[in-house]
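Take a look at the structure below.
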Amino acid sequence: MQTVKYSFYPAQPYWAINAVDLSLTSEEFSASMSEIVYSFNQDEYTVEFSRDGLISISRDEKYSTNQLRPEFEDTIQKLKLILNYINALNLIFCCEADRVDQFSYFHLQIVNNRDLFVDELQCGKLLIGYLPKSGASNLFECRYKNMHSVACPIEFDPRFIMRRIVSRDALLAVQVLFSNAVKNKSTIIYLSFLAKSLAEYKNSALDHSLVLSWFVTESIVSDIYTNQLKRNKRDYACDKINELKKRGKIKPTLFNEVEKTRKKRNDIAHATMSTCISSVDSKRSIENALALIFIHFKIDLRVNFGQSVLGM
């Protein structure tokens, strides 16, 4: 048994709880940047926040370096699982940090395998470490003063001067929501898909965004229809939605919004590239999924729908 730690930086750099003193010596500076300032355990996972903004999620895995490497498909499935947890955690972090600390700072981007730091540890000692193949490595280099350009003093480095401080209260709120989410593996999958939908919305890939969030909506509707109402899960989505409204599982206002999204999703599926999806359509679909996640799992997320468009 060994511990594998998967780490990532959110899209915007930040300080966890308080900022680092930039006047520290090189050794003290690196130690302060990498210090774990908040952590919690939930089920088989340990989540840690370093002062420089690195977020880690680790778990024990049954693998030894003395054994044959696992099959490629096994590796892909394991990576898929951990990325679902990471993107669900990233979504919760961005939402709760903005909500609790009352700023609109984090613009969600999806974490993929190229963004991950992966450390394999045994008895607390590092066996193998993998650095990401993306811009995330630039933030990791900030931990070391000798990696900074002489031409730009560290106090003027844009990777430092623009950072917001995320409070301990915000990290506690992240802990509460994530701990609630991991009680049901379906919740993690739904939150991961919702994170991808929101990221596509911010990238103006509105049809992709709508389809991803519709997956969440349709899956939760089917779950309620099958498990609570004991009906046939093979029934059409429109019949399921209507039955949920009749039984009082969803309010008429939400029913109307879900119906609008269902028709737009059908337009995408059957009209191919000719369908025009607006930002209103995509935003509505995400809001529907958020509403159903709250109804079904009691997880309340306040999403930042802000978009940046070049030239505007």
Inset, instruction - Examine segment 10-25 for a residue that is free of Cβ contacts under 8 Å to residues at least 40 places away in the same chain, closer than 30 Å to ASN146 by Cβ and among the aliphatic types (A, V, I, L, M), and state whether such a residue exists. - result: yes
Legend entry - Given (1) under 22 Å from the mean Cα position of the chain (by Cα); (2) at pLDDT below 80, index of the condition ILE57 fails: (2)
Inset, instruction - Count, please, the residues in segment 37-54 that happen to be aromatic (Phe, Trp, Tyr), at pLDDT 95 or above and surrounded by fewer than 20 Cβ atoms within 10 Å (Cβ to Cβ). - result: 2
Legend entry - Enumerated helices (runs of 4 or more DSSP H) restricted to segment 219-312, each holding at least 3 residues that are exposed (fewer than 11 other Cβ atoms within 10 Å of the Cβ) and not assigned by TED's automatic domain parsing to the domain that holds PHE103: 252-271
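The values are calculated or read from the model by the stated rules, or taken from the named source; none is laboratory data. As the structure is a computational prediction, the values presented were derived from the model and not from experiment. Glycine also receives a Cβ, built like all others from the backbone with ideal geometry; neighbour counts cover every protein chain displayed.
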